[in-house]
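In what follows, a single structure is set out as structure tokens and then discussed.
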Amino acid sequence: MYGKPYVQSRSIASYVTSPNLTARYSGHSVEMNHPYPALLIEIQNRVSAVLNVGFDHVMLNWYQDGSVHIGKHRDTKENQVIASLSLGSQRTFILHPHVSKGEKKVDAEPKRWPLKNGSLLVMQGDTQENWKVLNFNIPRDSVFDPSTA
């Protein structure tokens, strides 16, 4: 975080479409796997078709329970379109207005979206410039039941 090593509270797996590609996360290069598993290619192709956007990498995050989440952050501007597919238990995705140091506080409230299993959330345009993401808080007693998905 902020260019310093940090142990992540969630499990992460990253894949790239070409073995020559690299990605950075929190100022550090991320170990990328190649090739994509077949199911991941199928999911990415479907998302790409819906959005009419090509993607060259994917990052998978596994949040084991309600105690595991990501704090407020902004993704890098190189990621012009971020498509987040939520699988499993419902989580609330929260965007907070971003205010740079020395700027006047904006008069905007955080935006919240409950993301159920199969929800697709897309961030693009000025999202990274104007908002900070607080990813995925779920109640500790929330349990995913695939039979109800």
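The values are calculated or read from the model by the stated rules, or taken from the named source; none is laboratory data. Keep in mind that this is a model prediction, so the values were computed, not measured. For neighbour counting, all protein chains shown are included, and Cβ atoms are generated from backbone atoms with ideal geometry for every residue, glycine included. These area figures cover heavy atoms from the full protein model, side chains too; ligands, DNA and RNA do not enter into them. Shrake-Rupley method; radii C 1.70, N 1.55, O 1.52, S 1.80 Å.
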Counting only the heavy atoms of the protein chains, how much of residue 15 is accessible to a 1.4 Å probe, in Å² to the nearest 10?
40 Å²
Going by accessible area, probe 1.4 Å, with all protein chains left in place, what is the ranking of 22, 92, 17, largest first?
22, 17, 92
Let's test the formula: R0 of 35 Å, r as the Cβ-Cβ distance of residue 18 and residue 99. What FRET efficiency results, to the nearest 0.05?
0.40
Order 62, 113, 131, most accessible first, counting only protein heavy atoms with a 1.4 angstrom probe.
62, 113, 131
Sorting 34, 57, 98 by accessible area (1.4 Å probe), largest first, what list results?
34, 57, 98
Determine the gain in length on full extension of the stretch residue 87-residue 40; use 0.36 nm per residue of separation and subtract their C-alpha separation, reporting nm with one decimal.
15.6 nm
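Between residue 56 and residue 117, what FRET efficiency comes out of the Förster formula 1/(1 + (r/R0)^6) with R0 = 30 Å and r the beta carbon distance, rounded to 0.05?
0.70
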Can you give me the solvent accessible area of residue 32 with a 1.4 Å probe, rounded to the nearest 10 Å²?
40 Å²
